[in-house]
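The values are calculated or read from the model by the stated rules, or taken from the named source; none is laboratory data. Given the structure is predicted, the values throughout are model-derived calculations rather than measurements. Note that each Cβ is placed from the backbone with ideal geometry, even for glycine, and that neighbours are counted across all protein chains shown. Heads up: the accessible areas ignore ligands, DNA and RNA and are worked out on the full protein's heavy atoms, side chains in. Shrake-Rupley method; radii C 1.70, N 1.55, O 1.52, S 1.80 Å.
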Amino acid sequence: MAHQWLGLLNEYADRLPLVEGDPVVTLREGGTPLVYARAISERVGAEVWIKVEGANPTGSFKDRGMTMAVSKIAATDTEMIACASTGNTSASAAAYAVAAGLRSVVVLPAGKIAAGKIAQAVMHGAQLIQVDGNFDDSLRIVRALTEAYPVALVNSVNPYRLQGQKTAAFEIVDALGDAPDIHVLPVGNAGNISAYWMGFNEYAGRAVASTMENSYQRLEPVATKVPMMWGVQAAGAAPFVAGAPIANPETLATAIRIGAPASWDYAVAARDDSKGQITSVTDEQILEAQQILAAEVGIFVEPASAASVAGLLQAAQAHQVPEEARIVCTVTGNGLKDTKTALAGLGAGDDVEAEVVRADVDAVAAVLGL
Ligand SMILES: *Cc1c(COP(=O)(O)O)cnc(C)c1O
């Protein structure tokens, strides 16, 4: 009988900080495809696999952290979860609030909210509050709400989120039989690179700085090694490349448009301890990688996700990719989240152009060259 993946809290229960009596709030996240990418392998002269995180329930890896964080929140008498995001965090938070039977609120600066960005949160019943102030004001209010009311914050400083996210590294090792030589992923707030590094180390039986004290490192090692961590930022939002926060980050890859990453120290440790690197790529390189993934591999990702592949292609051009290396690129979110940018990248507008042909099978066949 086919086995249904039970969600990462159930599948990796022995390595996550759930305790007896905690509810498991799950939409069966995780267990995402790891796909061999021949087209990219040939381009870089190595063995390249793609970890498809857009296959999670709300279309991004944020669900891994949210199932963990919201399960812990649901164990308390909190009534509502709150965040100050328009992106994948708000979509995921709103969905897991539904699954937990909690209310959710998204607090944002007043101004125009692009419907596309917030559509998921709205569909999942999140309450939207626009405050007369900037993003920092929104975050300050959300924090203050959590101090005075039964409201919990699910932004990226919630330590449980990275614990959930580390399971992506477990899945990769479980699928490949050992850790890859190199792991490549986009870096924004830098939570994900920190979480993967925790996961790879834990599976190799190595101690590493973690968001939480844990005893899981006492379990038998599953991997014999850890990969080099290669983080990739957008050129207009590359504080790790600059070595300092950036005041006005700019990139069309909105999910990584972050100037002052929350998980700075963990990410620097991941980069340095793994003998890895954090590089940057331009928006043009990101769009090109997005198109290669869609047209040559069959995976449609959102722009931020394509940064990993763009960074790998750039490293290959600079002859930095060891021959025959086994490489995994994480693509973090689903392309359906932002079709506008993708089509604009192809030079197409909102209306996709197609040739108009007489309604006749022979005419259509002729145009197709059949
Ligand atoms: C959140 C997010 C990122 C950035 O991850 P960090 O943990 O902030 O570095 C990248 N891509 C997508 C699609 C995201 O949703």
Subject >> Single residue of ALA270, ALA310 found to be touching a Phe, Trp or Tyr at 6+ places or on another chain (Cβ under 6 Å) and within 15 Å of the ligand (Cβ to nearest atom) >> reply: ALA270
Original post:
Residue check, ASP265 against (1) surrounded by fewer than 16 Cβ atoms within 10 Å (Cβ to Cβ); (2) within 16 Å of the ligand (Cβ to nearest atom); (3) of a type outside the set (S, T, N, Q); (4) modelled with pLDDT under 95, all met but one. Which one?
Top reply: (4)
**OP:** Would you please list the contacts, defined by Cβ atoms under 7 Å and residues six or more apart or on different chains, that run from a residue in region 195-209 that is farther than 14 Å from GLN163 by Cβ to a residue that is outside any loop (DSSP other than H, G, I, E, B) and open to solvent by 10 Å² or more (accessible area, probe 1.4 Å)?
**Re:** GLY205/GLN217; ALA207/GLN217
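Report yes if GLY65 is open to solvent by less than 60 Å² (accessible area, probe 1.4 Å) and within 16 Å of the ligand (Cβ to nearest atom), otherwise no. Talk me through it step by step, then tell me what you get.
Details: open to solvent by less than 60 Å² (accessible area, probe 1.4 Å): yes; within 16 Å of the ligand (Cβ to nearest atom): yes.
It is true that GLY65 is open to solvent by less than 60 Å² (accessible area, probe 1.4 Å) and within 16 Å of the ligand (Cβ to nearest atom).
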Original post:
Of the residues SER71, SER85, which is outside the structural domain of ALA195 (by the TED database) and either basic (Lys, Arg) or open to solvent by less than 10 Å² (accessible area, probe 1.4 Å) (or both)?
Top reply: SER71
Original post:
Residues in region 192-245 that are open to solvent by 60 Å² or more (accessible area, probe 1.4 Å) and of a type in the set (Val, Ile, Thr): how many?
Top reply: 3
**OP:** May I ask you to verify whether VAL226 is more than 12 Å from the ligand (Cβ to nearest atom) and in the same structural domain as PRO322 (by the TED database)?
**Re:** yes
Original post:
What is the residue count in region 148-191 for residues that are within 14 Å of the ligand (Cβ to nearest atom), open to solvent by 30 Å² or more (accessible area, probe 1.4 Å) and in a loop (DSSP other than H, G, I, E, B)?
Top reply: 3
**OP:** Would you be able to tell me the number of residues in region 313-339 that are within 14 Å of the ligand (Cβ to nearest atom) and touching a Gly at 6+ places or on another chain (Cβ under 9 Å)?
**Re:** 9
**OP:** With respect to SER60, determine if the residue is out of contact with any strand residue (DSSP E or B) (no Cβ under 7 Å at 6 or more places or on another chain), surrounded by 23 or more Cβ atoms within 10 Å (Cβ to Cβ) and closer than 23 Å to ALA91 by Cβ.
**Re:** no
Subject >> Evaluation of ILE129 against (1) in contact with a strand residue (DSSP E or B) (Cβ under 6 Å, 6 or more places away or on another chain); (2) assigned to a helix (DSSP H, G or I) (one fails), failing number >> reply: (2)
Subject >> Only listed residue being surrounded by fewer than 22 Cβ atoms within 10 Å (Cβ to Cβ), over 21 Å from the mean Cα position of the chain (by Cα) and assigned by the TED database to the domain that holds PRO303, chosen from ALA55, ALA39 >> reply: ALA39
